[in-house]
Every structure is written in C-alpha cells, then in structure tokens.
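A.B. asks: Starting off with a structure, shown below.
The values are calculated or read from the model by the stated rules, or taken from the named source; none is laboratory data. All values reported here derive from a predicted model rather than from experimental measurement. Note that each Cβ is placed from the backbone with ideal geometry, even for glycine, and that neighbours are counted across all protein chains shown.
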C-alpha cells in the first residue's frame, strides 16, 4: 500500500483550503502548516486619525491596517522555535493535550504520533485550529524515530490507563513496553530532548526509563520528568472548596510520589493559611489520593483526561518558558535523593538545562511527618520495582 500525502495550508486573507484531497491512511498525515499569528501591535489612534483626515474608505482603511500589522508582526515575532512531540497522541489524554498545545505560541511545530490508524485524522482535526505552529501526524512504530527527531520536548501520553478492571501486572507490562519503545529511539537524537511522562505508574516508570537511558548512554537526570502537576492543582482546588476560598488564590505544595500511598499534601505550607484539625487533614489527604478513582467512577469508567491533560499543558508551558530563559517551576517526579529514595516528587525550579533544584520545606506538622515516613517506605519499594521492570519487560 502506497501512502498518500496531504497538505493543508491556511492563508493570510482566506479561509482554510485543502491543497490535496486525499489523506494518508497508514503512515504519515504530512506536514500541515497553519496561518501565522499576526500581532495587533500598531497605532490604532494614528490609523483612526488618518481615516478622519483623509476620509479613507473602509476597504482602503482595512488595507492600511493589514499592512501595519504585517510590518509590526515582522518586528516583534520571536526568532526562537520549539518542537514538541506527543507520543500516544490519540489517547484520551493525548488528544486533549494536543488541542491545548495548539494555543502555545512558543511551539512552532507540534508532532502527534501514535500507532492507531486514525492518527492522521487527529492531526487533520488539529490543523483546523488557527495556530502559529505547524502540525505533523505520524503513524506506526517505524515512524517513531522521525517523530522524535529535532524535538525539544517529548511527552509520553499513551499506554493503558489505570482502571479497576486492569491488573497491575497488565498495566506494567503494556506501559513499560510503550515507554521502552520511545526511549530506545531517543538514543539516536542529538541533543537529547526533555522528556515528560504522563503514562502510569510514574513511580515505577521514571526509574525504569532512567535505567534504559543509562544503558543507551543518553541519561540526563535534569531532563527526565514524571508529570505530577495534577496532584498540585487538585490539591489547590480541593483546599479552596474545603475552605470556601477561590482556587486561583490558593496554593498547596505536594511532595512524595504519585500514587494513592505516596502523595503527601503539605497543608502546613498552604496559602492562604487555614487552621485544620487532624481529622480534617486525614480526610483531605484521602480525598486527594483517591481523586482518580472518584472521577473515573463519576464518569462511568472514563479516566480524568481533562484535568490530567491540563496539568500536562502547564508542564509543557513551564518547560518552554525555562528554555526561553524565563523563571519557571512545576511539580514533577525527578531524580532526587533528599529522602534516600533516588526519585522524589515536589515543586521543581527549572532553567534552560532542566531541573535546577527542588524546593525544600521545613517545620512539617506531626501528621505530615508520619505521612511522609509511610510514603517513603512505599516509594522505596516502587523505585526498586521500577528498576527491575527492565528485566521483566
């Protein structure tokens, strides 16, 4: 079967038009460039004055505005460009994340990859959204290396989702193979991109990924992230709800790992400060740790793809901001031995090289100290098991 290419172009002054009528139904959707965003920088008052002074007709006035916008756009458009690749882009999380990433102006090329035959359709759907970035959809294991090539950030969003009907063994087997297929191709990329993993279970897969990268001689501890921002934003919203506050005004750091036995919300560090009884602390922690299950049950078996995708969008934005040299931080599960676990989750400060440092806290409450100790015991087991998955996968 011969693959057919398609190209969808968005022109400056006309609606989207399809340059080719056929789409690939196996390998590649083709590069789908979209319209450039024009800056609205311009002196609207001066244009209005010209209109009043010379009584310019509306079509002529409209032409003046377009010329002004094009001139100023060329002056203020950033010269930096970043490619982001989403592997597992047709998953429930992957599709929503790809949609959100179309709005990030720092992304000039978005690559969506999956082994599903409808991946080109997802890319085509995304191409209908006005964005400064080009979109490329690739299908199949043999196109994965091409998808990763020249990427600044690779996000793993595929594999099986955690579900009561899926055993831990089945989950680990499928998802370790998914991550392994990506990492084995990363060894051929130069330089090595940032890697963010959404695929569960993060407590196991990050240590496993690090071992595979070490075996390929490409491990960079500052560039590998388990995306745990979802724990922080859930904690933020839950804290606001419990205390009748606005979520945007609240902040609750979360440390530990990324599972129902290792997530530790630091309510003693929460802002604004609210006095909570130990019973309330226990109930809060249980609710936070069980969010996945509660949402899946409420959605009749569907995973919390919307909030997870949004948290991954925040992660991507922070990484790109750091690459631009701007101050950035994000909650992530990274290489960190502060508690003797080799890997740990918390608020991470970023720079253009990746992890700069993890934010440290002091003066924990007794409840938090007990919770941290129990979480560390489980996290050590998870990390050890994650390293051994490589032998079994």
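A.B. asks: Any idea which residue in the range 295-319 is nearest to the chain's Cα centre (by Cα), counting only those that are crowded, with 22+ Cβ neighbours inside 10 Å and more than 28 Å from residue 274 (Cβ to Cβ)?
C.D. replies: 312
A.B. asks: I would also like to ask the following. How many residues, within the range 295-307, are part of a helix (DSSP H, G or I) and in contact with a helix residue (DSSP H, G or I) (Cβ under 9 Å, 6 or more places away or on another chain)?
C.D. replies: Of all residues in the range 295-307, those part of a helix (DSSP H, G or I) come to 295-298, 305-307.
Add one more test, that the residue is in contact with a helix residue (DSSP H, G or I) (Cβ under 9 Å, 6 or more places away or on another chain), and what stays is 295, 305-307.
Residues that pass the stated criteria total 4.
A.B. asks: Residues in the range 185-197: is at least one within 30 Å of residue 268 (Cα to Cα) and touching a helix residue (DSSP H, G or I) at 6+ places or on another chain (Cβ under 8 Å)? Give the derivation first.
C.D. replies: Keep residues of the range 185-197 that are within 30 Å of residue 268 (Cα to Cα), which gives 196-197.
After this cut, where a residue has to be touching a helix residue (DSSP H, G or I) at 6+ places or on another chain (Cβ under 8 Å) as well, the list is 196-197.
Yes; the residues of the range 185-197 include at least one that is within 30 Å of residue 268 (Cα to Cα) and touching a helix residue (DSSP H, G or I) at 6+ places or on another chain (Cβ under 8 Å).
A.B. asks: A further question follows. Of the residues 344, 367, 339, only one is outside any helix (DSSP H, G or I) and farther than 23 Å from residue 318 by Cβ; which?
C.D. replies: 339
A.B. asks: Another one. Can you pull out every residue in the range 290-309 that is at pLDDT below 95 and in contact with a strand residue (DSSP E or B) (Cβ under 9 Å, 6 or more places away or on another chain)?
C.D. replies: none
A.B. asks: Let me ask something else. Which members of the range 270-289 meet the condition of being outside any helix (DSSP H, G or I) and either touching a helix residue (DSSP H, G or I) at 6+ places or on another chain (Cβ under 9 Å) or closer than 15 Å to residue 238 by Cβ (or both)?
C.D. replies: Scanning the range 270-289 gives 270, 271, 272, 274, 276.
A.B. asks: Sort through 206, 182, 212, 192 and tell me the only one that's assigned by TED's automatic domain parsing to the domain that holds residue 378, closer than 22 Å to residue 307 by Cα and either within 18 Å of the chain's Cα centre (by Cα) or assigned to a helix (DSSP H, G or I) (or both).
C.D. replies: Selected residue: 206, the only one of 206, 182, 212, 192 that is assigned by TED's automatic domain parsing to the domain that holds residue 378, closer than 22 Å to residue 307 by Cα and either within 18 Å of the chain's Cα centre (by Cα) or assigned to a helix (DSSP H, G or I) (or both).
A.B. asks: Is it true that residue 292 is crowded, with 19+ Cβ neighbours inside 10 Å, closer than 14 Å to residue 230 by Cα, out of contact with any helix residue (DSSP H, G or I) (no Cβ under 6 Å at 6 or more places or on another chain) and touching a residue at least 24 places away in the same chain (Cβ under 8 Å)?
C.D. replies: Working: crowded, with 19+ Cβ neighbours inside 10 Å: yes; closer than 14 Å to residue 230 by Cα: yes; out of contact with any helix residue (DSSP H, G or I) (no Cβ under 6 Å at 6 or more places or on another chain): yes; touching a residue at least 24 places away in the same chain (Cβ under 8 Å): yes.
So residue 292 passes the test.
A.B. asks: Report yes if some residue within the range 235-255 is in the same structural domain as residue 352 (by TED's automatic domain parsing) and closer than 30 Å to residue 149 by Cα; otherwise report no.
C.D. replies: No, because not a single residue in the range 235-255 is in the same structural domain as residue 352 (by TED's automatic domain parsing) and closer than 30 Å to residue 149 by Cα.
A.B. asks: Could you go through the range 310-332 and let me know if any residue there is touching a strand residue (DSSP E or B) at 6+ places or on another chain (Cβ under 7 Å), assigned to a loop (DSSP other than H, G, I, E, B), at pLDDT 95 or above and within 18 Å of residue 161 (Cβ to Cβ).
C.D. replies: Scanning the range 310-332 turns up no residue that is touching a strand residue (DSSP E or B) at 6+ places or on another chain (Cβ under 7 Å), assigned to a loop (DSSP other than H, G, I, E, B), at pLDDT 95 or above and within 18 Å of residue 161 (Cβ to Cβ).
A.B. asks: Can you tell me which of (1) part of a strand (DSSP E or B); (2) loosely packed, with under 15 Cβ neighbours inside 10 Å is the one residue 264 doesn't meet?
C.D. replies: (2)
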